[in-house]
Structure formats: structure tokens, C-alpha cells
Amino acid sequence: KQVVALLSPSPAGKKGRSAARRKANARSPRENVILARAWLELGEIGKARRALQPCRRPAACMLARGRLEMAHGNMRQAVKQLALAAKIHAKDVRIQLALGQALLAIGQSHRARQLLDPIADLYQQGVYKETEELIAVAQALALTGYFKDANTVFAEAAEGTIGEASRLALEAAWGELFLAKYNFRDADEAFAKVLRINPRHIDAVVAMAR
């Protein structure tokens, strides 16, 4: 709610609505994504979609739009949006991963493997170095059954100096890998790290409940 209040203040009257539109247009892609995520966590799917409207082509916004549809269960719409994003941002491994996840969700496993398998080769060639990229690589490896390799890439990502948001994303994704392998002790430890930083982190709360 604090994020929503900061990035999307409620307009009052005609002047207030005009000011709100100017503020929406002035938001950075990152701010639009953060606001959309905040609305989604509040269960406001329509407002989450509207938060991304001013942000059409940047990779972060296209990815967020696809993930938004995935979170709402609209997998075929997610595939459509992410396929377009993958054409525009062909080198973005996060978009490739999300599209692969959506394809698997609608039963198109062969197409998903064609998309996900080359990610490991590109990683070996040193294409992916940033923390978010390494997280996506690890998740792609896990999706294709290479759990040990996924764990190795997560460990590599954890060795670097990373910000709080990236640390949360890393530990949450790593915890999901441990859960998939029924390693509940390490999964609990990973999600506990997330919750110590952000007690309201939805993915970690749900995972701990599982």
C-alpha cells in the first residue's frame, strides 16, 4: 500500500486526474513494474495492468505484463505477450525463461525445450553474468531437469555482491529448487532468509506454508 500511495496517488477532481496522468507518464519502467507488482499483491489485477500501460516496449515492462497474465492464470495470453517480447528482446534470458514456463503450462513441452535448452549453452559461453540473468539460467536448468547444474549456478550468483531485491529473488528461486527436490531443510533456510528481509514476501510466505 505504501508503494501504491507513493507511485500512484489518488486524484482529486479534474486537476488531480491530470496530475495523476502526468505522474504515470513520468514513471520509469522500473517504477511501473514495481507499481504493477504492488497492485497484484493487493489482488488488483486491473490496476496492475493499467500501471503497465504507459510502459509498452521496455523489456522489464513486457516481461512484467506476461508474468502478470501468468499469475492470473491466463497462460495463452501470457504466451502471446511473451512471444512478442522475445522477438523484440531476443537476448533477454528472463523473457525466454518466462515464455518457456508459460509454454510448459499449456502443454507445449517440445516448444518450451527448444527455447530453454540453448540457455545452458549460452551460459557456458559466458553470455550471462548479471545476477538476474544467472537466476533465470538456474531456473531454466531446473525446468529442464538439470537440478545439480541449477544449484551450481545459484551458488555462483550468490557469490557476487548483489542488492537487496536481487538477494530476495535469488533466495526465493533457490528455495523453489530445494522444494522441487524435497530438500525441505535447505528450502526452509532459503525462504527464512527472504522473510527476515521482507516478512510479507508473497512467494516465500506461500512456500513456507507448503
- Scanning region 63-79 residue by residue, those open to solvent by less than 40 Å² (accessible area, probe 1.4 Å) and over 14 Å from L103 (Cβ atoms) turn out to be L63, A64, L68
- Item | Single condition L103 does not satisfy, out of (1) more than 24 Å from A204 (Cβ to Cβ); (2) in contact with a Lys or Arg (Cβ under 7 Å, 6 or more places away or on another chain); (3) surrounded by fewer than 22 Cβ atoms within 10 Å (Cβ to Cβ); (4) not acidic (D, E) | (3)
- Query: Counting just the residues of region 125-178 that are among the charged types (D, E, K, R) and in contact (Cβ under 8 Å) with a residue 12 or more places away in the chain, which one comes out surrounded by the most Cβ atoms within 10 Å (Cβ to Cβ)?
  - Reply: E171
- Query: Just one of L122, L82 is under 19 Å from P29 (Cβ atoms) and either surrounded by fewer than 22 Cβ atoms within 10 Å (Cβ to Cβ) or within 16 Å of the chain's Cα centre (by Cα) (or both); which is it?
  - Reply: L82
- Message: For region 179-210, which positions are outside any helix (DSSP H, G or I) and either under 22 Å from G145 (Cα atoms) or under 16 Å from the mean Cα position of the chain (by Cα) (or both)?
- Response: K181, Y182, N183, H201, R210
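The values are calculated or read from the model by the stated rules, or taken from the named source; none is laboratory data. Predicted, not measured: the structure shown is a model, and the values here were computed from it. Here Cβ is always computed from backbone atoms with ideal geometry, including for glycine, and neighbour counts include all displayed protein chains. To get the accessible areas, we keep the full protein, side chains included, count just its heavy atoms, and leave off ligands, DNA and RNA. Shrake-Rupley method; radii C 1.70, N 1.55, O 1.52, S 1.80 Å.
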